[in-house]
Amino acid sequence: MVMPKYNPAAGISLKGSIRTVPHDLLEKQELEALYKSYAVKDDRSQRNKVILSLLVYQGLTSQELHQLKVEHVRLKEGKVYVPATGNSNSRMLKLEALQIMELYEYIHITRSKIFANRIAERSGRKPKTMKPAEQTSQLFISMNGCENIKNSLYHLNQALRRLNPKYKNAVQFRQSVITEWLKEKDLRTVQYMAWHKYVSSTECYQTSNLKEALNKHHPLK
């Protein structure tokens with residue numbers, strides 16, 4: 001006789017939000033090593049190096065990178081303004097000294113060259129809906145005229161995985177950066193830098209809390 005399948009958890013709903021525990025994080029030295037080892041060979045890789053710097057030093061998300069405009073980079077102030085998204089608040093973040101010259105070169109030289117290539121006659125790949133250079137204020141632009149840099153980020157991720165097999169994606173970068181911030185800065189400062197709405201979201205990245213959560217929830221415990 002075949003007994004009917006019964007799920008004892010059927011109908012049970014859990015209250016509250018489900019929080020995942022950040023894991024497989026990269027140390028500060030590993031983050032900086034990835035940045036330094038990414039070689040610049042052409043306009044594409046020079047643009048990607050600037051993107052990588054904002055992932056490593058400011059912990060930006062992919063959506064924030066896409067929404068950045070040229071005017072958001074305040075080189076004289078040594079800061080970058082990150083506009084609000086559907087999931088985050090706006091904030092002003094300090095740039096590292098090494099980023100200032102790279103951003104200057106990218107904005108005034110490399111980005112202009114990418115635009116020049118985009119509007120030049122090319123075979124097949126140029127989208128019909130490509131916006132003219134003067135109408136586009138996006139900081140990071142694709143090589144083939146697409147407004148979205150999703151494909152560019154995909155290829156950057158592939159290159160980073162070859163440099164360090166431990167690297168997974170931009171989310172891992174962000175989680176690692178926030179964890180490193182908390183080793184040097186106070187909780188409220190990091191909450192602002194990470195745009196967390198609630199301080200409890202920032203607290204879960206503290207090293208002591210991470211160890212406690214991993215010890216509690218690890219499947220082998």
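The values are calculated or read from the model by the stated rules, or taken from the named source; none is laboratory data. Remember, predicted model here, so these are calculated numbers, not experimental data. Cβ sites come from the backbone with ideal geometry, for glycine too, and all protein chains shown count toward neighbours.
A few comments on the model shown:
- If only residues of the range 142-171 that are charged (D, E, K, R) and assigned to a helix (DSSP H, G or I) are counted, the one that is nearest to the chain's Cα centre (by Cα) is LYS150.
- The requirement of being surrounded by 14 or more Cβ atoms within 10 Å (Cβ to Cβ) and either at pLDDT 90 or above or closer than 21 Å to GLN29 by Cβ (or both) is not satisfied by GLN158.
- The residues in the range 25-45 that are touching a residue at least 24 places away in the same chain (Cβ under 8 Å), within 17 Å of the chain's Cα centre (by Cα), assigned to a helix (DSSP H, G or I) and closer than 19 Å to GLN158 by Cβ can be counted, and the count is 4.
- Tallying residues that are assigned to a helix (DSSP H, G or I) and under 11 Å from LYS94 (Cα atoms) within the range 50-59 yields 2.
- Filtered by the rule that a residue be farther than 18 Å from GLU96 by Cα, without any contact (Cβ under 8 Å) to a residue 12 or more places away in the chain and surrounded by fewer than 16 Cβ atoms within 10 Å (Cβ to Cβ), the range 172-206 gives ASP186, ARG188, TYR198, SER200, SER201.
- Test result for GLY59, under 16 Å from the mean Cα position of the chain (by Cα) and surrounded by 13 or more Cβ atoms within 10 Å (Cβ to Cβ): yes
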